[in-house]
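Written below as C-alpha cells is the structure these notes are about.
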Amino acid sequence: MGAALSGASRGFEESAMTLDNLVNTLFEHPFLQGFAPEHIDKLAAMASEVCFRKSELIFREGDESSFFYLLLSGKVALETNMPGRTLRIVTLGTGEELGWSSMTAHHSKQFQARSLEETRALAFDGVRLQHACDEDCRLGYTLMRAMLRVVAQRLQSTRLQLVDLYSPLSAQVG
Amino acid sequence: MAVAKLEREAAEANEMLPRMARVAQVRKETYDTFTLALESAGGEPFPGFAPGQFSMLYVFGNGELPISISGDPEDHGRLLYTVRSVGKTTQALVSSQPGDGIGTRGPYGSHWPLKVARGKDVLIVAGGIGLAPLRPAIHYILRHRADYNRLIILYGARSPRDLIFRKQLEDWGRLPDTQVLTTVDYGGLSWTGHVGVVTGLFRNVRLQPFHTVAMICGPEIMMRYVIWEMEARGMPPGDLYLSLERNMKCGIGFCGHCQYGPNFICKDGPIFPYHEVRSWFGRYEL
C-alpha cells in the first residue's frame, strides 16, 4: 500500500485536522451513520481534510483519480462536456459523497467535478480504502452497503431525470 | 320530484354558460409559459376563489380548458392564470392580446388546506408548471404570516429556462422563516443552484413530521416519488395534500370524464388529502 500523496500533488489544499476531530467529524457524517466505532477509527486514520476554492476543478473527465470524498460543507457540481458546452448534471452538498467510482476497479473519471463554492471535504484514497475492506471484511461489508445506498440513490435520480418528467411529452407517451 | 329535477337541470345548464372576461395583460414567464390577467367584462366582479381552485377558460373557436388560478386570492379585481403552451387551445390562449374576450366558468373544485395548516410548518413541493396552482396558497400564507410556522418551498423544473416565477422565488427566499430551494434536471455553467431531482432537496430541509402540512403539485410521477420520500421521513399520509389532474370537460361533476375511483377530480378535487386517494394513486388504469 503506497503512502498517500501530498495535497499539492493531488491538486487540492490539504489542512490539518487532529485525529480526534476527524473521528468526531466522521461520526457525524450521514454516510457513516451506523458504522462501528472501530471502523470509524480505521477510516479516520485514512482521511485527510481538503479544501477546494470556488470554481476549482476537483477532477476532469478521464482523470485517473482514485479519491473518494465525504463533503463537509460547500457545493460541488458534476459536469459533462459536449462540443461547445458544458452541462451540469447533478450538484452535491454538505453530507453527501463524491467519487464513489474510486471504489470500483476503474479509476478513470467519467464526469468532471467542480466546486461551486468554497468546499471542505474529507478525502480517502480509494486504493487504500479497498485494501482496508479486503483486510477487514466487516468494514468492507458495511462500507459497500453504504456505497450501494449512494449508487442506488444516484441511479434513481438519473432515471427520473431521463424520464424528463416535466416535459408535456412525457405525459403523452403511451 | 319532477320540478326538483328540472331545477337541477336548469342550474347545471347555467353552470355551463361562460361569463365574459377580457384579457388585461399577458406576461411571459418562460419561452412557453405565460400568465394571463383577466378582468370581468360584465361590470360584475369575479366571484372570489380559494387557493387551489380552477376555472374553465373558453377560447372561442378553439375550445375550453381547466386552468388553475395562479394569482393572489385577495386581489379581487382580476384573476391570473399561468398557462403552458402545449396544444392548440393553450397556444390560442397564450396568444391572446389585451382586450380579447375569454369565456370563464368557475372557480371550481376543492382548495389547499390552509385552515388545517394553521400553527404548523407548511411544506410546498412543486414541479414544473405545478407551482402555479400553489402560488395562491403561498400568497395567502404570506398575507397571514403569523398564522403559520415555517414556510418551505421546494421547486423543481427541467432546466433554468423552465423555472416560472423566478424573481418571486428569490424574493420569498429572503423572507424570515421561509426556505426556498430550487433545482433543475440539468443546467449550464451559468446555473449555480441545485441540479438533480426535487426529492434530492429534502436532505437540505429539517422536516418536522406531525407538525407539517405538505401541499404537492406537479407531474404525477414526481408526486409519487415526493410522497415516498416524505413517508420515509415519517410524514403521516393524512398531512399530505396533492393536486390531481385528469381530462376534465364540464368542470362540475356532470360528464364523468375526470372520474378517479369514486371521485370526480373537478368536483371532489383537484386537491385531495393523500390518504383519501392512495388506493388509486399511481394505478395505470386510472
- [ ] Read phi for every residue in the range A:150-160 and hand back ³J(HN,Hα) as whole Hz from Karplus 6.51 cos²θ - 1.76 cosθ + 1.60, θ = phi - 60°, with x for Gly and Pro.
- [x] 5, 5, 5, 4, 5, 5, 4, 5, 5, 4, 5
Task: Residue-averaged beta-carbon neighbours from other chains (10 angstrom radius) around A:79-91 - done: 4
Open item on the list: Just to check I understand the Karplus step: with θ = phi - 60° and J = 6.51 cos²θ - 1.76 cosθ + 1.60, what whole-Hz values come out for the range B:274-280, glycine and proline as x?
Closed with: 4, 5, 7, 10, 4, 5, 9
TODO: Would you list which lysines come within 27 Å of B:Lys267, measuring only between C-alpha atoms, while excluding same-chain residues fewer than 8 positions from it?
DONE: B:Lys5, B:Lys88, B:Lys115, B:Lys249
Open item on the list: Explain nothing, just compute: Karplus ³J(HN,Hα) = 6.51 cos²θ - 1.76 cosθ + 1.60, θ = phi - 60°, for every residue of the range B:121-137 in order, whole Hz, x for Gly and Pro.
Closed with: 6, 10, 10, 9, 10, 10, x, x, 6, x, 6, 4, x, 8, 4, x, 5
TODO: Report, by chain and number, residues whose modeled amide H sits under 5 Å from the one on A:Gly74, excluding near sequence neighbours (fewer than 5 apart, same chain).
DONE: A:Thr94, A:Arg120
Task: Simple label model, 7 Å out from Cα along Cβ direction - A:Phe27 to A:Gln110, nm - done: 3.7 nm
Task: Virtual spin-label span in nm between B:Thr192 and B:Arg143, 7 Å along Cα→Cβ - done: 3.6 nm
TODO: Please express the Cα-Cα pair-distance distribution P(r) of the protein assembly as shown as a list of whole percents, one per 10 Å bin, running from 0 to the bin with the greatest distance.
DONE: 4, 18, 26, 22, 15, 9, 5, 2, 0, 0
Task: Cα point-scatterer Debye curve for the range B:180-286, base-10 log of I(q)/I(0) at q = 0.13, 0.16 Å⁻¹ - done: -0.57, -0.79
TODO: Run through the DSSP bridge list for the protein assembly as shown and note the antiparallel percent, rounded to the nearest 5.
DONE: 75 percent
Open item on the list: As a test, work out the antiparallel percent of DSSP beta bridges whose residues both lie in the range B:205-277, rounded to the nearest 5.
Closed with: 60 percent
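Counting only C-alpha contacts under 8 Å and six or more residues apart, can you give the relative contact order of the range B:38-193 as a whole percent?
After rounding, I find 22 percent.
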TODO: Enter the mean number of other protein chain beta carbons within 10 Å of the beta carbon of each residue in B:196-208, as an integer.
DONE: 4
Task: Per-residue mean of C-beta atoms belonging to partner chains within 10 Å, peptide B:123-131 - done: 1
- [ ] With 27 Å as the limit, write out which pairs from A:Lys109/B:Lys167; B:Lys28/B:Lys120; A:Lys75/B:Lys167 have Cα-Cα distances beyond it, or answer none.
- [x] A:Lys109/B:Lys167; B:Lys28/B:Lys120
Open item on the list: Can you compute the helix-only [θ] at 222 nm over chain B? Use -39500 (n - 2.57) per DSSP H run of at least 4 residues, normalise by all residues, nearest 500 deg cm²/dmol.
Closed with: -6000 deg cm²/dmol
Task: D (Stokes-Einstein, µm²/s), Kirkwood Cα radius, chain A, 1.306 mPa s at 10 °C - done: 93 µm²/s
Open item on the list: Under 25 °C and 0.890 mPa s, how fast does chain B diffuse according to Stokes-Einstein, given a Kirkwood radius computed over C-alpha pairs? Answer in µm²/s, whole number.
Closed with: 125 µm²/s
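Only the coordinates and a few stated rules stand behind these numbers; no lab work does. This one's a predicted model, so the numbers in the text were calculated from it and none came from an experiment. Here the Cβ is made from the backbone with ideal geometry for all residues, glycine too, and neighbour counts use every protein chain on show.
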